[in-house]
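Taking it in order: structure first as structure tokens, then the write-up.
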Amino acid sequence: MQFGYSDKVIALQQRLDAFMAEHIYPNEARFYQQAEQLGPWKVYPVVEELKVLARAAGLWNLFLPESAHGAGLSNLEYAPLCEIMGRSHLAPEVFNCSAPDTGNMEVLARYGTAEQQQRWLAPLLAGEIRSAFAMTEPLEASSDATNIASLIVRDGDEYVINGRKWYTTGATDPSCKIIIFMGKTDPANPDKYKQQSMVLVPLETKGVKVLRTLPVFGYYGVPDRAAEVHFDQVRVPVTNILLGEGRGFEIAQGRLGPGRIHHCMRLIGLAERVLERMCRRASERRPFGKALSEQTVTLQRIAESRILIEQSRLLTLKAAWLMDTVGNKVAKSEIAMIKVAAPQMACQIIDWAIQAFGGAGTNNDYFLGAAYATARLLRIADGPDEVHRNQIGHIELKRLRDRDPARTGGHAAVLSIEEVEASSASSRWPRP
């Protein structure tokens, strides 16, 4: 595994760093103010202004691999760039590299028809519209995607869609024009992984109603624009199906792999930024006549933070490398591992930073509140920790069950009675 960055990636890193310093960091306070004042149903002017600059600078659609529309970067090449963008909640959308649009664009690029790509992918790539992904349901255990209860029923040349979704990211954004909806077209299929399909549903379609916006720990619009959406007798043409009936779970797995690793890449950048702030705070604050940075507990937390970040980064890079070299399916264990490790790492570091900042850490003056909301959300989004741990455990059981070199003939090496007696007789403490 070689994790050295190419000249192309290093040049992009330098350009991103410069753009962040000139345009992103100076506008963060304005971004949070607009999110708070305008709420999740409005477009934030600062985002739209900076999008124009980012596109003009050629820092656009960096996430999209092997495409004439993006930078053509591999997952391993994109990782350090995504990390830089993850340092600010403002940055990903400015560069057209934010969820759920990245995942939806990849789905359309991989599985969409030429007509679907022209109608929806092209304006998404141009940053002219946004999209939503409707999978999670309030009345079902969404940690198991096969539980989805929403129905997609064919009626002639149309599909009739009924269902109630929530945590549908992006649905309240005025720029959102298209929803990728996951529901069941064949609920009686004995193969539970072939019951689901994905359909493209324009947000303006009759019967689609965004019921309410859902805050993340009290934050509306940042870090998420989550919403609850009701689909009541929604009719769309059968040509809006993605890939074909019964292929929804397959698409979901293809979509969530890159999405999960992108979240982890961004969290590493977020954690780096938080650690920087914690170090500055610890050096500046002098309770009881002694800088926090001179306290052993603070030094230990700073050291542990660095260790945790480096561990997560290396594991993320390994997962990205495997996705590039052997594919997402083979890399599923590593993807699951980073999806557990990175959010927990970020949560811990942000928690230590909040403690160092004291009361100031509980508001968003230093962006720690929104940072923690982001990290804690990602222990649930795209699959909770428990599901990923179970998957890792099953993979390890299957991989290691019969690989102990001390086993002979498929059984553990157990001494015979004669061998036990001989061993006992020659021991340092023979039986009296």
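When both residues are 6+ apart or on different chains and their Cβ atoms are under 7 Å apart, which pairs have a first residue that lies in segment 82-101 and is farther than 19 Å from ARG130 by Cα, and a second that is of a type in the set (Asp, Glu) and in a helix (DSSP H, G or I)? So the pair list comes out as ILE84/ASP17; ARG87/GLU272; SER88/GLU28.
Checking ALA342, ALA331 one by one, the residue that is in the same structural domain as HIS388 (by TED's automatic domain parsing), touching a Ser or Thr at 6+ places or on another chain (Cβ under 7 Å) and closer than 21 Å to GLN253 by Cα is ALA342 and no other.
What number of residues in segment 211-240 are within 25 Å of the chain's Cα centre (by Cα) and crowded, with 17+ Cβ neighbours inside 10 Å? Residues that pass the stated criteria total 14. The criterion of at least 1 residues that are of a type in the set (Gly, Ala, Ser) and not assigned by TED's automatic domain parsing to the domain that holds ALA56 is met, among strands (runs of 3 or more DSSP E) falling completely within segment 121-191, by 130-134, 158-165, 176-184. Restricted to segment 114-136, and to residues there that are surrounded by fewer than 21 Cβ atoms within 10 Å (Cβ to Cβ), in contact with a strand residue (DSSP E or B) (Cβ under 9 Å, 6 or more places away or on another chain) and over 20 Å from VAL47 (Cβ atoms), the residue that is modelled with the lowest pLDDT is THR136.
Table: residues versus (1) farther than 30 Å from ASN162 by Cα; (2) modelled with pLDDT of 95 or more.
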site	(1), (2)
VAL236	no, yes
GLY246	no, yes
PHE249	no, no
LEU256	no, no
HIS262	yes, no
LEU267	yes, yes
GLU284	yes, no
ALA303	yes, yes
LEU317	yes, yes
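In segment 263-278, is there at least one residue being of a type outside the set (A, V, I, L, M), in a helix (DSSP H, G or I) and without any contact (Cβ under 8 Å) to a residue 12 or more places away in the chain? Yes, because at least one residue in segment 263-278 is of a type outside the set (A, V, I, L, M), in a helix (DSSP H, G or I) and without any contact (Cβ under 8 Å) to a residue 12 or more places away in the chain.
The values are calculated or read from the model by the stated rules, or taken from the named source; none is laboratory data. Not measured: the values here are computed from a predicted model. Neighbour counts are summed over all protein chains in view; Cβ atoms, including those assigned to glycine, are modelled from backbone coordinates with ideal geometry.
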